[in-house]
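Structure first, commentary second.
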Amino acid sequence: MRLGQKNPRVRQWARMGTRPLQFADQRTQSAYVFGAVAPQRGVGAALVMPRVDHQAMDQHLAEISRHVTPGCHAIVVMDRAGWHTTAKLTVPDNISLLCLPPRSPELNPVEKIWQFLRQTYLSNRVFETYRAILDAGSAAWNSLMACPDTVRSIAYRDWAAIDQSP
């Protein structure tokens, strides 16, 4: 998810007959939140990075790998962005990648996570510095991860669940 000084505006509640202020920033600094969640457990792993490329994706996969329960294997569902599908990608042994069909973002559960973060924590804001962008991305992610029931309700999909009962 891109996060920066040109954030989208979202609808706001306001008293009838009034128009709420929505500040806009013309500067263009951005950072990117690379995140993944385990919806059944309500946990996730993320990094806030300065750019999107295969090196950033390598670091993200390594971060996910560190959070996978020992003895388990993670399946990371993702779209077909260039940095997701490059042959240069280093995939840890405890992770498998599952690429979704082209032009189907609605199948990717993490897209709803990004939408929630934008609407709840990140929209209608002006960030004074690049550090403020990084801090806001980290704080938004950490706030969501502090609410595992919310993560489950946003990202859980029956089609992606694997029954692990004996």
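Computed from the coordinates by the stated procedures, all read-outs in this text should not be read as laboratory data. All of these numbers come straight from a predicted model, not from anything done at the bench. For neighbour counting, all protein chains shown are included, and Cβ atoms are generated from backbone atoms with ideal geometry for every residue, glycine included.
Assorted remarks:
- Computed helical MRE - 222 nm, the chain, DSSP H runs ≥ 4 contributing -39500 (n - 2.57), nearest 500: -9000 deg cm²/dmol
- For the chain, the normalised intensity computed at q = 0.11, 0.14, 0.18 Å⁻¹ comes to -0.50, -0.79, -1.23 (log10 of I(q)/I(0), Debye sum over alpha carbons, equal scatterers, no solvent).
- Modelled FRET efficiency - R0 35 Å, residue 149 with residue 89, Cβ distances, 0.05 increments: 0.60
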